[in-house]
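Q: Quick one: the structure is below, and I'll ask about it shortly.
The values are calculated or read from the model by the stated rules, or taken from the named source; none is laboratory data. Since this is a predicted model, take the numbers as computed values, not measurements. Counting neighbours? That spans all protein chains shown, and the Cβs are built from the backbone with ideal geometry, glycine included. Calculation scope for accessible area: heavy atoms of the full protein, side chains included, ligands and nucleic acids excluded. Shrake-Rupley method; radii C 1.70, N 1.55, O 1.52, S 1.80 Å.
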Amino acid sequence: MSSFTSIVKVSDYILSRPTLSKIVVPVAKTFCAYAGYREMGLKFNDLILEETPIMQKAISRLPPNESYARVYRNITAHQLSLSHELLPPNKAVKPEEDNHYLVPYILEAEKEAFERAELDNIEVTK
Amino acid sequence: MIRGSTFKSGMKSVAAAKRAIATATTPTKYATLSNGVTIATETNPHAKVSTIGLWFGAGSRSEHSYSNGISALTVSTLASTLEDGVLLTSQSTKETNAIIAQTTNDNVLEAAKLISKIGSNPSEYLEKADLALSKSQLIAQAAQLEATPDKMVLEHLNASAFQGYSLALPTLGTSESISGLQLQDSERLLERHLVGSNVVVAASGNFDHNQLVEAVEAALSIKQGHKPAVKPASFLGSEVKMRDDTMPKAYVALAAQGEGVSSPAYYVAQVASKIFNDFDHHSAFAKFQSPKLASQVQEYHIVDKYTHFSTSYSDTGLWGFNAEISNIYQIDDFVHFTLKQWNRLSISITDAEVERAKQQTKTALLAGLNSTEAIASDIAKKVLLLGYRTSIRESLEKIDAITTKDVRAWAQAALWDKDIVISGTGQIEGLMDYNRWRNGMAMMRW
Amino acid sequence: MSRAAFRSYSSAAAPLKVAARDAPGNLTTLSVIVNNAGSKAGKSGVAHLLSKFNFMNTESKSALRFTRESELLGGVVSTDVTRDAIVLKTQFLKEDLPYYVEALGNVLTKTSFRPHELPETVLPAALNEYENAHASNAFVASEALHEISFRRGYGHPLYYDGTKTYTSEDVAQFASEVYTAGNVSIVASGAVEADLVKFIGESAFSELPTGSTSAVAVKAYTGKEARVRVSGQSLAVIGVPIKPAEFAKYDILSATIGSAYLPATNTPLFQIPGASSQVYKYQDAGLFVVSVAGSDSAVVAEGIKKVKAVVDSITASDLSKSVKAAKLAVALESTLESPLEYAIDASAAKGGKLSSFNYVAVGDVDVLPFADEL
C-alpha cells in the first residue's frame, strides 16, 4: 500500500508545478465536491481506512476537541445513512472546512514506523 | 561501524576520543604469602573507601543437607560488627565465603590486621560471638529470600537443575537446617576449608600494595593444606512449581545448562544472554529497545519484567531467563516467544544483534565493578574458582573476538534441543508442563 | 555541600560547571546534574515528569533512534529526580564520549515535548514509579516526614502523584526555566577533562540559555506529627530537620547509635528490632532520621520508645569514639553525582538530644504511640 508520506510527496510536487497544478487542482476539487461525503457531514480525512496500526496511532494522538468532532461527524453520517437523508446545503461541510486535520498525525506515525523498520534491519559493516 | 547515517553525528571527533582510551588500567598486583595464601590488590586513586577481605572456597556447595547454611552462618558470625571505623561484613555464595572489612583509606592497615586476626584464629571469635543471635539473623535472611518471589524462583531453579548434588543447596540454608547448626559444625568447616591454597586475600582502594602485603604477612597465620576437591555436579532437566494464587503475579524462570567460569565459551554465553538483555514494561524506554523479543512482548504487555542471565559456577552454570508476568493468561505466549527467539540463536541470529550484545556485555562487565568491594570480590572469586583472573583488558579482548559464528555454534551445542529446567511460583496455572517447553527448544523446520 | 572540585568553563558566556577525573578501566560515567530542578522546584510533580521526558524525542533525533544507537554502543542511560535536582546518568565505553556528550546536550536543549509522548510514554512510566515507591510504607513515612518538616520545597512529594493534570507545554515551560547554564553541572569519571570540555564546547550544551534559578527558600518546622493509616508494615519515625553545617554532627550521632550505611550488630540500635538511623542530606537542608519498622506494630511501638531513650543516653565520649565510623559512613554514602566533601572531626562530636523533633507513624496507627507519649 502506498503510504501517506508518498501521497503527500506527490501532491507537493504537483502543487510546486504551476502548469500541472492548474490542471490537477480543479479536477481534485470537483471530484471531492461530487463525491458527496460533505453532504453526509464528513471531512475527507474521515474516509481514510482506519483499521491499521498507523491510523489507530494517529487517531489516538488527536487533540481531545478534534477527536470529539471526528466522532460526532461519524455519528452524523451514520444517522444520515440510516434515515436515507442528506444534510441540507447550509449544514453540509463547506469546502474550506474540509481540512486535512489528521494527515500530520498520520505522517508522524508513518515516520516512526519507517524508522523502526530501518533500525530493526540494521546491518553491520566492517 | 554501523552502516547508514546512524552514527555520523556522534562521531565527529573520534581522534580526540581515542586519546581517552589510552589511559592506563591499574594492574592487579599479586603476592603469595609464606603460608601459601594468595594476596591480590588493585589500587584506585579515586576510591574513598578501601575494602580488604579474606575469601575462601567453601559455600553451600561444600555442605550437606543437614549442615546446609553452616558456611554462611560461620562468616556472618565472624564478621558483622563495626570496630573503630572498620565495618566488618560477610559475603556468601554457592562456592565461596568471605569476611570483608571496609574502611576509609587511612585506616586500611588496621582493617588488614583485623581481618588477619579473625582469619588466624576464628575459633576464638566464634566462641565469643552470640551464635544464637547469628542463627536467628540468618534464618530471617533465608525467610526474606523465600518471601521475595523473583529471587526465590531462581534459588529453586538451581535446586531443581542440580538436584542430588550439593550445588543444589540454597546458599543461606533453610530455617530448619540453620536452627540445627552448632559451633562444632563451624569449626569443622573452617578446619577443612580455611587452608593456605584455598584462601585469597583481596583488596581494592587507595593504599600502598607493599605495606598491605607486609601487614597481612605479619598478622595472618593460616595452616598449609590442599584445597578440598569439589565434586562435579550434573544438570538434570526438570521442573519445580509452587502455585500460589494469592500472589499478584506469576514468577517464572527457565534455563538450560550454562557455562562454568573455566569454560572457553564463558563470554560467548554472556553475550548470548545480552542479545535478549533485560526488559521492564513500565520503563519509558521499553518500546524503543533493540531485542526482537522486547518488541514482541512490549506490544501486547505479555510480561512485566524479564532478565536474561548467564550464571557460572566453577564447573557448570545456568543460562536462561527470569520473568514476572501479571498478564497470567498469556504466560505461554511469553515462554513461547522467548524460546523461539532462543532458537534463532542457533540458526538466524544477525551480526547486528551480536555486535550490540558484545558492547553491552563489555559495559555491564565494567559497570559491575562499581565499588571497591565489588572489585575485591571479583578478583578473589575468579582466583579461587579459576586459579587466576584474566585482566579486564584481556576480558574485553576476548569479548571483542566473539563472532556471530561463535554464538551460533555455542547455541547449537548448548541450547538447541537441550534439556531445560523450569521454576515457577505465583499464579502459574497457565504455565504449561515440562514437555511442552522442552519441545520448544528446537524447531522442526525454519 | 562543598563543590570545590568543580571548575567553571565559560562557553558562550554561559558558565557550565564541569568536573572530570580520569579513572582506570575502559568505562566512562558521565552525569549531568540540573540543580534546583528537583521536586522542590516548580509545581509539585512537574520535575518528575520532566525527568521522564529526558532522552525522549529531540529535534535532532527520535527517542527510538537514540535508544537503539545507545544500545549498539553498549551504553546505559538513566534519568531520575531527587529533591534537589534532575540527574541524567550515562555509562559507556570510553571511546564513545563525544556521542554521549552530544546526546546529553540535545536532551537539555532540543527535547521536543511532543504532546502524545506524555500520555503514551511519560505518564505511565512516572505513575508506575510513584506506585512502586508507595508500595513501601517506608517511602510513605519518608514523604510524610518531609512534608511536615519543610511544608514547601523539600516538603513536596518526590514523584508525580496524578492529582494534578499537566500538559506537555507545562513540562516544556518548566524545562525552559530550569535547564539553564547556571543550573547545570557535569561530572565524569573515566574521562580526560580537556577532551570533555572540548566536546561540551562543540555540543548543544553551548546553546543552553544563561542564568540560573535560585534555590527554594527552606523553612523548617519541628514539633509536628503525621499519622498515616495503611495496611502492611508499621513504621514509627522520628525526624529532626537540620542545616548543612550540622551534617557532620549528626553523621557522628548516627554512626554512634547505628547507621543504615553501617549494618553492624554491635550498635545500640541493633538491639532494637527494625531500628536504624540515617541522615538525609540535601543542598540547603537535611533530616536526621531514626526509625523503627516491623510487621508487628506492638514491637514497633515499644521499639520507638527505646530508640528515643537510646539517642538521649548517648554521651560525649561515645560520640568521640565514633568519628572514624562516621567518616566511613560518609565515604560509603558519597557518590559521583552527589559527593560529600565536608570534614568530619572530633569538634563535631557534640551530640544532639531529641528535644524538638517531628514524628510520623505509618501502618497500624491504633497501636503506634503519639509523639507526646514518647
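Q: Return the only residue of C:ALA181, C:ALA215 being modelled with pLDDT under 95 and farther than 30 Å from C:ASP22 by Cβ.
A: On the way: C:ALA181 fails: farther than 30 Å from C:ASP22 by Cβ.
That would be C:ALA215, the only listed residue that is modelled with pLDDT under 95 and farther than 30 Å from C:ASP22 by Cβ.
Q: Which residue pairs have Cβ atoms closer than 6 Å, lie 6 or more positions apart in sequence or on different chains, and pair a first residue in region B:398-414 that is in the same structural domain as B:ASN343 (by the TED database) and over 19 Å from B:VAL261 (Cα atoms) with a second residue that is of a type in the set (A, V, I, L, M, F, W, C) and assigned to a helix (DSSP H, G or I)?
A: Sorted first by the residue in region B:398-414, then by its partner, the pairs are B:THR404/B:VAL354.
Q: Please work out if B:GLY59 is at positive phi and in contact with a Gly (Cβ under 6 Å, 6 or more places away or on another chain).
A: Values: at positive phi: yes; in contact with a Gly (Cβ under 6 Å, 6 or more places away or on another chain): no.
So B:GLY59 fails the test.
Q: Within the group A:TYR13, A:TYR34, which residue is among the hydroxyl-bearing types (Ser, Thr, Tyr), over 30 Å from C:GLU59 (Cα atoms) and open to solvent by 30 Å² or more (accessible area, probe 1.4 Å)? Don't jump to the end; show me each part of the working.
A: Working: A:TYR13 fails: over 30 Å from C:GLU59 (Cα atoms).
The unique qualifying residue is A:TYR34.
Q: Let me ask something additional. From B:THR171, B:THR148, which residue is out of contact with any Lys or Arg (no Cβ under 9 Å at 6 or more places or on another chain) and open to solvent by less than 50 Å² (accessible area, probe 1.4 Å)?
A: Numbers: B:THR171 fails: out of contact with any Lys or Arg (no Cβ under 9 Å at 6 or more places or on another chain).
Every option except B:THR148 fails the conditions.
Q: Test B:LEU318 against the criterion of being more than 14 Å from every other protein chain (Cβ to nearest Cβ) and under 23 Å from C:GLU69 (Cα atoms), and give yes or no.
A: Answer is no for this residue.
Q: Then there is this: Tell me which residues, restricted to region B:240-288, are within 11 Å of chain C (Cβ to nearest Cβ) and open to solvent by 30 Å² or more (accessible area, probe 1.4 Å).
A: B:PRO248, B:LYS274, B:ASP278, B:ASP280, B:HIS281, B:HIS282, B:SER283, B:PHE285, B:LYS287
Q: Exactly one condition in (1) within 14 Å of another protein chain (Cβ to nearest Cβ); (2) within 24 Å of C:GLU341 (Cα to Cα) is false for C:LYS243; which is it?
A: If we test C:LYS243 against (1) within 14 Å of another protein chain (Cβ to nearest Cβ); (2) within 24 Å of C:GLU341 (Cα to Cα), just (1) comes out false.
Q: Please determine, by comparing only the residues of region C:315-344 that are farther than 17 Å from B:GLU373 by Cα and under 13 Å from the mean Cα position of the chain (by Cα), which one is surrounded by the most Cβ atoms within 10 Å (Cβ to Cβ).
A: C:LEU340
Q: Hey, can you tell me all the residues within region B:31-46 that are farther than 18 Å from C:GLY25 by Cα and open to solvent by 40 Å² or more (accessible area, probe 1.4 Å)? Let's see the steps before the verdict.
A: Applying the first criterion (farther than 18 Å from C:GLY25 by Cα) to region B:31-46 yields B:31-39.
Hits for region B:31-46 are B:THR32, B:SER34.
Q: Then there is this: Looking only at residues in region B:207-250 that are of a type in the set (D, E, K, R) and in a strand (DSSP E or B), which one is farthest from the chain's Cα centre (by Cα)?
A: Initially, region B:207-250 is screened for residues of a type in the set (D, E, K, R), giving B:208, B:214, B:217, B:223, B:227, B:231, B:239, B:241, B:243-245, B:249.
With the extra rule that they be in a strand (DSSP E or B), the set shrinks to B:239, B:241, B:243.
Values: B:GLU239: 22, B:LYS241: 23, B:ARG243: 27 Å.
Among them, the one singled out is B:ARG243.
Q: Is there any pair linking a residue in region B:376-389 that is under 13 Å from B:SER263 (Cα atoms) to one that is in a loop (DSSP other than H, G, I, E, B) and of a type in the set (Lys, Arg), with Cβ under 7 Å and at least six apart or on different chains, and which?
A: Listed pairs, sorted by first residue: B:LYS382/B:ARG389.
Q: Additional query: Name every residue in region A:93-126 that is among the hydrophobic types (A, V, I, L, M, F, W, C) and farther than 30 Å from A:GLY41 by Cα, in order of residue number.
A: Going residue by residue through region A:93-126, those that are among the hydrophobic types (A, V, I, L, M, F, W, C) are A:93, A:102-103, A:106-107, A:109, A:113-114, A:117, A:119, A:122, A:124.
Within region A:93-126, A:ALA113, A:PHE114, A:ALA117, A:LEU119, A:ILE122, A:VAL124 qualify.
Q: Oh, and also: Taking region C:70-88, which residues are touching a strand residue (DSSP E or B) at 6+ places or on another chain (Cβ under 8 Å) and either within 20 Å of A:ARG116 (Cβ to Cβ) or within 11 Å of chain B (Cβ to nearest Cβ) (or both)?
A: The first filter runs over region C:70-88 and keeps only residues touching a strand residue (DSSP E or B) at 6+ places or on another chain (Cβ under 8 Å), leaving C:70, C:72-81, C:84-88.
Result: C:SER70, C:LEU72, C:LEU73, C:GLY74, C:GLY75, C:VAL76, C:VAL77, C:SER78, C:THR79.
Q: Same structure again: Listed residues B:LEU157, B:LEU109, B:LEU126, B:LEU138; which is assigned to a helix (DSSP H, G or I) and either open to solvent by 40 Å² or more (accessible area, probe 1.4 Å) or of a type in the set (Gly, Ala, Ser) (or both)?
A: Values: B:LEU157 fails: either open to solvent by 40 Å² or more (accessible area, probe 1.4 Å) or of a type in the set (Gly, Ala, Ser) (or both); B:LEU126 fails: either open to solvent by 40 Å² or more (accessible area, probe 1.4 Å) or of a type in the set (Gly, Ala, Ser) (or both); B:LEU138 fails: either open to solvent by 40 Å² or more (accessible area, probe 1.4 Å) or of a type in the set (Gly, Ala, Ser) (or both).
So the residue among B:LEU157, B:LEU109, B:LEU126, B:LEU138 that is assigned to a helix (DSSP H, G or I) and either open to solvent by 40 Å² or more (accessible area, probe 1.4 Å) or of a type in the set (Gly, Ala, Ser) (or both) is B:LEU109.
Condition check ((1) open to solvent by 70 Å² or more (accessible area, probe 1.4 Å); (2) among the small types (Gly, Ala, Ser); (3) more than 25 Å from A:ILE54 (Cβ to Cβ)) across all residues:
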| position | (1), (2), (3) |
| --- | --- |
| A:ASN74 | no, no, no |
| A:GLN79 | yes, no, yes |
| A:SER83 | no, yes, yes |
| A:PRO88 | no, no, yes |
| A:GLU96 | yes, no, yes |
| A:TYR101 | no, no, no |
| A:PRO104 | yes, no, no |
| A:ALA109 | no, yes, no |
| A:ASN121 | yes, no, no |
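Q: For A:PHE114, state whether it is within 14 Å of another protein chain (Cβ to nearest Cβ), within 24 Å of A:SER11 (Cα to Cα) and exposed (fewer than 15 other Cβ atoms within 10 Å of the Cβ).
A: Numbers: within 14 Å of another protein chain (Cβ to nearest Cβ): yes; within 24 Å of A:SER11 (Cα to Cα): yes; exposed (fewer than 15 other Cβ atoms within 10 Å of the Cβ): yes.
Criteria met by A:PHE114.
Q: From the set of residues in region C:256-265 that are more than 8 Å from chain B (Cβ to nearest Cβ) and of a type in the set (Gly, Ala, Ser), which is surrounded by the most Cβ atoms within 10 Å (Cβ to Cβ)? Reasoning before the result, please.
A: Our first condition is that a residue be more than 8 Å from chain B (Cβ to nearest Cβ); within region C:256-265, this holds for C:256-261.
Those still in the list that are of a type in the set (Gly, Ala, Ser) too: C:258-260.
Values: C:GLY258: 25, C:SER259: 29, C:ALA260: 15.
Out of the qualifying residues, it is C:SER259.
Q: Restricting to region B:346-363, name every residue that is more than 8 Å from chain C (Cβ to nearest Cβ) and within 23 Å of the chain's Cα centre (by Cα).
A: Quick first cut of region B:346-363, residues more than 8 Å from chain C (Cβ to nearest Cβ) only: B:346-351, B:353-354, B:357.
Those that are more than 8 Å from chain C (Cβ to nearest Cβ) and within 23 Å of the chain's Cα centre (by Cα): B:VAL354, B:ALA357.
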